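Notes follow the structure.
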Amino acid sequence: TNDAQRESASTPAVGSRDWSIPPFVGREVLLSSLEDALALAGRGSGQAVMLSGEPGIGKSRTAQEFGDRARQKGAVVYAGWCDESMYTPPYWPLTRLLRNILAELSPPLQRAEVGHGGAVLSGILPELRDMFPDIGPVPEYSPEHLNFETAQALFNLLHRLSDRRPVVILFDDLHCADE
């Protein structure tokens, strides 16, 4: 190759967003399966997909690439994750997920989407009380019932969001979450 070819091969492409993200290589079959699941979800058949495997094989990078492609297809993508290097408080991935969702919504939509589940969700996202003083106290349920109601409120929130456009939820490093 000549010098100009070598220089262009080592020069990053113009317009790249984040040079710290490694290129996506060699997992196109898996990504195709994820895109098929997204297409089914877009036709009203909700999907749940789990990527599992040994550390370092590219699960997080695959999820990231899928999230980017889902956005390009019109889906809204939210994430919740744990950090391997820190103590994880209860419900931490869900707390991060809810913060991610609320950050993307306008204030009127925030209240509408949180809906009647706001009181229960404020147990894992205390700032909801400051945002919406009218949501009332966290109900006094048994821990098991509170878990159920929290899951139901989160499900209802995601369902309302998905009425407008497809929603993709990514969770990462859940092995670091609380029991």
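A compact table of results
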read-out: The stretch 153-175, subset of a type outside the set (A, V, I, L, M) and modelled with pLDDT of 90 or more, residue farthest from residue 47 (Cα to Cα); value: 156
read-out: Tally, over the stretch 132-156, of residues that are free of Cβ contacts under 8 Å to residues at least 24 places away in the same chain and in contact with a helix residue (DSSP H, G or I) (Cβ under 7 Å, 6 or more places away or on another chain); value: 7
read-out: Segments classed as helices (runs of 4 or more DSSP H), wholly inside the stretch 43-158, with at least 2 members that are open to solvent by less than 60 Å² (accessible area, probe 1.4 Å) and over 30 Å from residue 30 (Cβ atoms); value: 107-114, 118-121, 127-131
read-out: Residue in the stretch 129-148 that is within 26 Å of residue 61 (Cα to Cα), among the aromatic types (Phe, Trp, Tyr) and over 13 Å from the mean Cα position of the chain (by Cα) present; value: no
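The values are calculated or read from the model by the stated rules, or taken from the named source; none is laboratory data. Keep in mind that what you see is a predicted model, and the values were worked out from it rather than measured. Every residue, glycine among them, receives a Cβ derived from its backbone with ideal geometry; neighbour counts consider all protein chains shown. For the accessible areas, the whole protein counts, side chains as well, though only heavy atoms, and no ligand, DNA or RNA atoms are used. Shrake-Rupley method; radii C 1.70, N 1.55, O 1.52, S 1.80 Å.
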